[in-house]
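Q: Structure provided below as structure tokens; questions to follow.
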There are 2 protein chains.
Amino acid sequence: MERIAIIGAGAVGLYYGARLALNGEKVSFLLRSDYDTVEADGIHLESIHGDAHLTGARIFRSPQEMGPVDLIIVAWKATSNPLFEEVIPPLCHENTQVLTLQNGLGNCERISEVVGPDRVLGGLCFVCLNRLSAGHVGHTAGGKVTIGEWQPQPDSPRASELVRRFKAANIPAELSRDLKEAQWRKLVWNIPFNGLSIAEGGVTTDKLLADSGIEAEVRAIMSDVVTAAEAIGHKIDPDVIDFEINRTRSMAAYRPSSMIDYIEGREVEFDAIWGEPLKQALQAGARVPHMESLAARIQKRIGKLQ
Amino acid sequence: MERIAIIGAGAVGLYYGARLALNGEKVSFLLRSDYDTVEADGIHLESIHGDAHLTGARIFRSPQEMGPVDLIIVAWKATSNPLFEEVIPPLCHENTQVLTLQNGLGNCERISEVVGPDRVLGGLCFVCLNRLSAGHVGHTAGGKVTIGEWQPQPDSPRASELVRRFKAANIPAELSRDLKEAQWRKLVWNIPFNGLSIAEGGVTTDKLLADSGIEAEVRAIMSDVVTAAEAIGHKIDPDVIDFEINRTRSMAAYRPSSMIDYIEGREVEFDAIWGEPLKQALQAGARVPHMESLAARIQKRIGKLQ
């Protein structure tokens, strides 16, 4: 049995880590503030895929204490990426792989600097999770993880094997043969909705779509993201725009993760979700005025200047 | 490899059947009106758990043509249950098992009359599916199936094995050790929301919850269902009422399956969702005035007298 380390114990890390552990995988969690609560009472999932309680979880306060594992799953916000050099090496033997479940662009590149690109995989999570309290996670919609190799290759037995292990742990999962395209496809939603939820002052998705002017802006930004992806070499069907608008209407008053970070005063993942995609779009020669103006509005709100 | 027959090729049958077939299970579909379309173009899933296209599906126009299988999955509306005696026997060898994915109460009993109770299992689907056109299914939320034995037993290797096969096919699944309790737990939602969507003249769940008087009626009916379940011997935590109200708010303008049947002029599953539960509640001596008045209002709408 392979050892797995979860680094980043917010809702995403606790949810997927606990699901894997409940299926018998040997999962270790790196915890800081929640250590005592999880030690005393385990991890509780209140999930549309079945409530569950993980007791006796393997938990550690430092990567040195945890030691080498076979797979590291990165589930922290991109704002913690400066810690990679400190946290990853103590968890590695020579073949350790790293799967990042993070949002946006630039994470695989940063991890590659530490372990080399051939050992990096990405997983995109299509899920509504929230941390209810220390050790308690609510799961209200979705759940799927799309897994692929950072370095494209015709066939990836190790990504397919991860898909199989996730599915066996009651996590819908699918293989992506083009991770970069899948990252851009996910940004079609994240860039406008996470962005406007901040730019409009901390509002939920239903309020954004209730205003026809803002809906038009959502659509214009999505169209820019599709244009950017195409300029970089990833063809995305523009029909996804109607699909994403309709899907988001069905989610009612959804709070994008960046909106929660913003209203709770935590650092927003600006570079991963808006900065890096905009930089890549402009470098590829794409004309993306709505992405540019959105990035400027967010920077003004969060007081960040590039 | 075991042979599986799907009977009832609406959204539920096509969705779960196609997922199992795409994972290599030997699935046969019994089709009538959609036969030619599926033969020409297969089954298309537009799913939050990954789009998929099943080609070369094994399809049949009659149970005689299909012949014996190892597992029959029943996915038609309870209003088709009078066809069990005609459809099930040609599909059976002496050990064929039957898993019903139907809503409400009374289905396992009817199937037991044909194959005997020891060969019956139940699966409860927590999912938003809709048939977009012949052979095309949309999957917008949820997906989990809870599987258990109709005849309670301390341990069920065959139910556990079905859970494993569903999960391998990218279907979240869990084992229920008490199927009857799980059926009542699901009715806490179906009785009020499917019911009031008809009683109020064909309205979506968001409109029901936007009216505080109707929300109070939803809560009163849910409380009756919890009372009924307890009288019959199934303890359900009353906290589920708040949970279900909150979950339903997040579903926005959801159309319960019975509302769609009602507005499209199809027969409504009255007995399975309201008639049989009410009968069992009254026989157990429970006082359930809100369930009674709801049943009367639905009967008036659909012109059905018991």
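The values are calculated or read from the model by the stated rules, or taken from the named source; none is laboratory data. The shown structure was predicted, so the numbers you read here are calculated from the model rather than taken from an experiment. A quick note on method: Cβ atoms are made from the backbone with ideal geometry, for glycine too, and the neighbour counts reach across all protein chains shown. Heavy atoms of the whole protein, side chains included, go into the accessibility calculation; ligands, DNA and RNA do not. Shrake-Rupley method; radii C 1.70, N 1.55, O 1.52, S 1.80 Å.
Q: With +1 on each Lys and Arg Cβ and -1 on each Asp and Glu Cβ, how big is the dipole of the range B:191-306 about its Cα centre, in debye rounded to the nearest 20? Walk me through the numbers on the way to the answer.
A: Working: 13 positive and 18 negative charges, 48 e Å.
Magnitude of the dipole: close to 220 debye.
Q: Between residue A:62 and residue A:40, what's the calculated FRET efficiency when r is the beta-carbon distance and R0 is 22 Å? Round to 0.05.
A: Values: r = 20 Å, r/R0 = 0.89.
Step by step, r from the Cβ atoms, then E = 0.65.
Q: Right, another one. For a label point 7 Å from the Cα of residue B:284 along Cα→C-beta, name the residues of the range B:99-121 whose backbone N is under 15 Å from it.
A: B:104-106
Q: From largest accessible area down, sort B:35, B:254; use a 1.4 Å probe on the protein chains.
A: Details: B:35 25, B:254 50 Å².
Descending accessible area places them as B:254, B:35.
Q: If you scale each eigenvalue of the Cα gyration tensor by 5 and take the root, what three semi-axes come out for chain A, rounded to whole angstrom and sorted largest first?
A: Details: eigenvalues 191, 97, 68 Å².
Equivalent ellipsoid of chain A: 31, 22, 18 Å, largest first.
Q: Taking each label point as 7 Å beyond Cα in the direction of the beta carbon, state the distances from residue A:239 to the same residue in the other copies, shortest first, in nm.
A: Label point to label point, same position, other copies: 4.4 nm.
Q: Can you tell which of B:252, B:157, B:22 lies farthest toward the positive end of the dipole of chain B, using +1 and -1 charges on the Cβ of basic and acidic side chains (Lys, Arg; Asp, Glu)?
A: Among B:252, B:157, B:22, the one farthest towards the positive end of the dipole of chain B is B:252.
Q: Something else about it: Protein chains only, probe 1.4 Å: how do B:79, B:248 rank by accessible area, largest first?
A: On the way: B:79 45, B:248 0 Å².
Per-residue accessible area, sorted high to low, gives B:79, B:248.
Q: For residue A:60, tell me the accessible area in Å² from a 1.4 Å probe, rounded to the nearest 10.
A: 40 Å²
Q: Distance between Cα centroids, the range B:232-278 to the range B:130-169: provide it in whole Å.
A: The range B:232-278 and the range B:130-169 have Cα centres separated by 19 Å.
Q: Roughly what % of DSSP beta bridges within the protein assembly as shown run antiparallel, to the nearest 5?
A: Numbers: 30 of 84 bridges.
Taking every DSSP beta bridge with both residues in the protein assembly as shown, the antiparallel ones total about 35 percent.
Q: Follow-up. Only loop residues by DSSP count here, and only those with at most 13 other Cβ atoms within 10 Å; note down the GluC sites (Glu not before Pro) in the range A:1-106 that meet that.
A: Values: sites: A:2, A:25, A:39, A:46, A:65, A:85, A:86, A:94; in loops: A:2, A:25.
Listed in order of number, the matching sites are A:2.
Q: Using +1 on the beta carbon of Lys and Arg, -1 on that of Asp and Glu, and nothing else charged, what's the dipole of the protein assembly as shown about the Cα centre, debye to 20?
A: Using Cβ point charges on Lys, Arg, Asp and Glu, the protein assembly as shown gives about 220 debye.
Q: Test of understanding: what is the full-extension gain from residue A:118 to residue A:132, defined as 0.36 nm times their sequence separation minus their Cα-Cα distance? List each step's numbers first, then the result.
A: Values: separation 14, 0.36 × 14 = 5.04 nm, distance 3.63 nm.
Length gained between residue A:118 and residue A:132: 1.4 nm.
Q: So how much accessible area does residue A:301 have, in Å² to the nearest 10, using a 1.4 Å probe?
A: Near enough 110 Å² of accessible area.
Q: Could you work out the relative contact order of the range B:3-177, using alpha carbon pairs under 8 angstrom and six or more residues apart, expressed as a whole percent?
A: The normalised contact order for the range B:3-177 reaches 22 percent.
Q: Could you work out the equivalent-ellipsoid semi-axes for the protein assembly as shown, taking the square root of 5 times each eigenvalue of the Cα gyration tensor, largest first, in whole Å?
A: On the way: eigenvalues 349, 152, 128 Å².
Rounded to whole Å, the semi-axes are 42, 28, 25.
Q: Calculate the length of the line joining the C-alpha centroid of the range A:51-103 to that of the range B:95-110, in whole Å.
A: 45 Å
Q: Rounded to the nearest 5, what is the percent of antiparallel bridges among the DSSP beta bridges in the range A:3-177?
A: Values: 15 of 42 bridges.
Percentage antiparallel, nearest 5: 35.
Q: With Cβ to Cβ distances under 11 Å as the rule, what net charge do the other residues near residue A:53 carry (K, R +1; D, E -1)? Spell out each step's value before the answer.
A: On the way: positive: none; negative: A:41, A:46, A:51.
Here the charged neighbours net out to -3.
Q: Which Cα, out of B:294, B:66, B:142, lies furthest along the positive dipole direction of chain B (beta carbon charges, K/R +1, D/E -1)?
A: B:142
Q: Between residue A:253 and residue A:85, with labels modelled 7 Å along Cα→Cβ, what's the label distance in nm to one decimal, could you check?
A: Going by the 7 Å Cα→Cβ label model, 4.5 nm.
Q: Put a point 7 Å out from Cα along the line to Cβ at residue A:109; what are the distances to that point in the other copies, in nm, shortest first?
A: 6.5
Q: Between A and B, buried accessible area summed over both sides at probe 1.4 Å, in Å² to the nearest 100?
A: Numbers: alone 13100 and 13070 Å², together 24730 Å².
Summed over both sides, the interface buries about 1400 Å².
Q: Would you list which aspartates and glutamates come within 20 Å of residue A:77, measuring only between C-alpha atoms, while excluding same-chain residues fewer than 8 positions from it?
A: Here the aspartates and glutamates satisfying the reach criterion relative to residue A:77 are A:34, A:85, A:86, A:109, A:113, A:261, A:264, A:267, A:269, A:271, A:276.
Q: Mind giving me the FRET efficiency for residue B:219 and residue B:93? R0 is 45 Å, r the Cβ-Cβ distance, nearest 0.05 is fine.
A: 0.40
Q: Take each complete run of DSSP H in chain A, measure how far its Cα atoms stretch along the helix's own axis, and keep only those covering 18 Å or more with mean Kyte-Doolittle hydropathy at least -1.0; list them. The partial results should precede the final answer.
A: Values: long enough: A:179-199 (28 Å, 0.00); A:212-232 (30 Å, 0.75); A:289-302 (20 Å, -0.51).
The answer, listed by residue number, is A:179-199, A:212-232, A:289-302.
Q: Hey, another quick one. I need the shape label for the range B:25-183. Rule: rounded when a/c is under 1.5, else prolate if a/b > b/c, else oblate, with a, b, c from the alpha carbon gyration tensor.
A: Oblate shape, in that a/c is at least 1.5 and b/c is the bigger or equal ratio.
Q: Nm distances between the label at residue B:175 and the same-position labels in the remaining copies, 7 Å along Cα→Cβ, shortest first?
A: Nearest first, the other copies' label points are 2.9 nm away.
Q: Here's something else I'd like to know. Rounded to the nearest 10 Å², what accessible area does residue B:34 have for a 1.4 Å probe in the complete protein model?
A: Surface accessible to solvent at residue B:34 totals approximately 10 Å².
Q: Averaged across orientations, what area in nm² does the convex hull of the alpha carbons in the range B:181-302 project? Please list the in-between numbers first.
A: On the way: hull surface 26.4 nm².
Orientation-averaged projected area of the Cα hull: 6.6 nm².
Q: For chain B, what does -39500 (n - 2.57) per DSSP helix run (n ≥ 4), summed and divided by total residues, give at 222 nm, in deg cm²/dmol to the nearest 500?
A: Computed mean residue ellipticity for chain B: -13000 deg cm²/dmol.
Q: Size of the dipole of chain A about the Cα centre, Lys and Arg at +1 and Asp and Glu at -1 on the beta carbon, nothing else charged, in debye to 20?
A: On the way: 32 positive and 40 negative charges, 34 e Å.
Its charge dipole is roughly 160 debye.
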